[in-house]
Amino acid sequence: MVFDGSGSVSLSFLQTMIDTLPFQMAVLDEKGVIRMVNEAWRVFARENGLQGDEIGVNYLEVTKWGAQTEETARQVLELLERVLKGEDGGGVVEYPCHSPTQRRYFHVHINGFTYDGRRWVLVAHENVTAEVLNREKEELALRRFQKLFTHMQEGVVLHEWIRDEKGEIVDYRIVAANEAFAKYTDLDVVSSIGVPATRLYGMNPPPYFDVYRRVFETGQAETFETYYPPMNRYYFISAIPWEDGFATIFLDISVLKQQQKMLEEALKQKQFFFRELQHRAKNTFSSIAGLIGLMAMDYSGEIQEALFRLRQDVVAMAKVYEILYHKGKEKVLDLGEYLKSILDGFRESFSRVFEHVEVEIRLERVSISSNRANLVGLWLTELLTNAIKYAFGQRQQGWLFLSLKEEGGQIEIEYSDGGREKGEKAPIEITAKSSSYGSQVMMMVVEELGGYQAMWRGNGIRVLFRFPKKPEDEEATV
């Protein structure tokens, strides 16, 4: 260090030293007059349009003037007066000092010291704008989080572990909860905080203790649905590891469960009525066939023969109906086998028609859910019924072709029938606006399966039907 002849620190050395510091610094005498400033102080003064370096200016009086209108200046004044009197060693006050173009914040550090029997004060202004703006952002984010936390529809609860003297986890307690917690549990938030869960919920171990501990120890969140008997409620809970504890986000799904139960009951009733309808439909076919048989006994010749043929047609349709609706009881089935069973049913029931028809089938093994298979069965039944009525109705010789394949996630069915001579015209797309009932049924099936259908008409008909395979088609091995 550099000393003068009296053993004191050289003023030039002291000036050089404080000039290296980034803060705006000034040394005040016991009256608050500025006696020394550093280079950072002089630069700040020039940048803000001040004349000179302010040596000789009474900093105390300037502060008094500012304290008349500004709260932070009043705080600085009170601290400065205490330090000058030796009543306070020093302190820090944060204050704004905005320029025309930007927001600025500073810390003023005021510290007193005694030298050579006199009281001196060191004032240092530190620019803390970046820290203050970052703090404001953090506070804004925290306020937004608190607002979200408070107003979320889901119950949100933060828990911390309670450990024994060996450090083992033995219980947990709530450290924070939102309003939805009270709504879904009928527990008061304030009185619940800090209470051990064993006492709060009246059970040991506390609710879902093993699940929450596993979440904490593995660091993996878990979601589960549960019925909680003490509150007679169903909950959907997500548990997430959090510091030395865990967080839960939950919903009361009791109403949803009640609605689900009602839907299940309604579905059971629907299934019962559907089975009853199937039974009645089967009986209706039998009754109609019986009545036609009785009527035939009253006639002879061509009329009797026609009535017996009609009776055979009704019996045939009854058999096709049974294949169509009773085969689909399996969850997932082979669509190729299912379509073949429908076609075989028609061929057996209408053998007198199909004995003159050349049938070719190319059916690959394709798995599909029974519900979707039933729709495809309806589609094929309409085509076969149409073929019996028109293409083969007069026992003319003809042909029928049916193929099935799966490619690129698409299921493709091709069907064609007609007389001996084959011919084609331009493709005609069938829509739900088609006049015939059968065409409308087919198009509704196409739309339900999210597919595409094109038709060619000539000496007969050719139909191409494509639709996408769905995940439920692979739920079981066919």
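Tally up the residues in the range 59-69 that are out of contact with any helix residue (DSSP H, G or I) (no Cβ under 7 Å at 6 or more places or on another chain) and surrounded by 15 or more Cβ atoms within 10 Å (Cβ to Cβ), please.
Keep residues of the range 59-69 that are out of contact with any helix residue (DSSP H, G or I) (no Cβ under 7 Å at 6 or more places or on another chain), which gives 59, 61-62, 65, 68-69.
In the following step, the residues that additionally are surrounded by 15 or more Cβ atoms within 10 Å (Cβ to Cβ) were identified as 59, 62.
The total comes to 2.
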Pairs, please: C-beta under 8 Å, at least 6 apart or cross-chain, first residue under 14 Å from Lys183 (Cα atoms) and in the range 248-264, second modelled with pLDDT under 95 and part of a helix (DSSP H, G or I)?
Phe250/Tyr184; Leu251/Tyr184; Asp252/Lys183; Asp252/Tyr184
Does the range 309-323 contain at least one residue that is at pLDDT 70 or above, outside the structural domain of Leu384 (by TED's automatic domain parsing) and surrounded by fewer than 17 Cβ atoms within 10 Å (Cβ to Cβ)?
yes
Top-ranked residue in the range 79-95 [being more than 15 Å from His107 (Cα to Cα) and among the charged types (D, E, K, R); ranked as surrounded by the fewest Cβ atoms within 10 Å (Cβ to Cβ)]
Glu87
Note on Gly112: of the conditions (1) modelled with pLDDT under 90; (2) in contact with a helix residue (DSSP H, G or I) (Cβ under 9 Å, 6 or more places away or on another chain); (3) of a type in the set (Gly, Ala, Ser), unmet is (1)
Residue pairs within 7 Å by beta carbon, gap of at least six or interchain, first lying in the range 156-183 and without any contact (Cβ under 8 Å) to a residue 12 or more places away in the chain, second of a type in the set (Lys, Arg), listed first then second, are Val170/Arg163
Six or more apart or on different chains, Cβ under 6 Å: which pairs go from a residue in the range 112-124 that's touching a residue at least 24 places away in the same chain (Cβ under 8 Å) and aliphatic (A, V, I, L, M) to one that's crowded, with 17+ Cβ neighbours inside 10 Å and assigned to a loop (DSSP other than H, G, I, E, B)? Could you list them?
Ala124/Phe23
For the structure I just gave you, tell me whether Thr129 is of a type outside the set (D, E, K, R), in contact with a Lys or Arg (Cβ under 7 Å, 6 or more places away or on another chain) and either exposed (fewer than 12 other Cβ atoms within 10 Å of the Cβ) or within 23 Å of Leu50 (Cβ to Cβ) (or both).
yes
Might you let me know whether the range 90-112 holds any residue that is at positive phi and in a loop (DSSP other than H, G, I, E, B)?
no
Count of the range 452-478 residues which are without any contact (Cβ under 8 Å) to a residue 40 or more places away in the chain and of a type in the set (Gly, Ala, Ser)
1
Just give me the residues in the range 176-200 being assigned to a helix (DSSP H, G or I) and among the charged types (D, E, K, R), in sequence order.
Glu179, Lys183, Arg199
Subset of the range 441-460 (residues that are closer than 13 Å to Leu380 by Cα and touching an Asp or Glu at 6+ places or on another chain (Cβ under 6 Å))
Val441, Met442
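The values are calculated or read from the model by the stated rules, or taken from the named source; none is laboratory data. Just so we're clear, the structure is a prediction, and the values are computed from it rather than from any experiment. Positions of Cβ are backbone-derived with ideal geometry, glycine not excepted, and every protein chain shown enters the neighbour counts.
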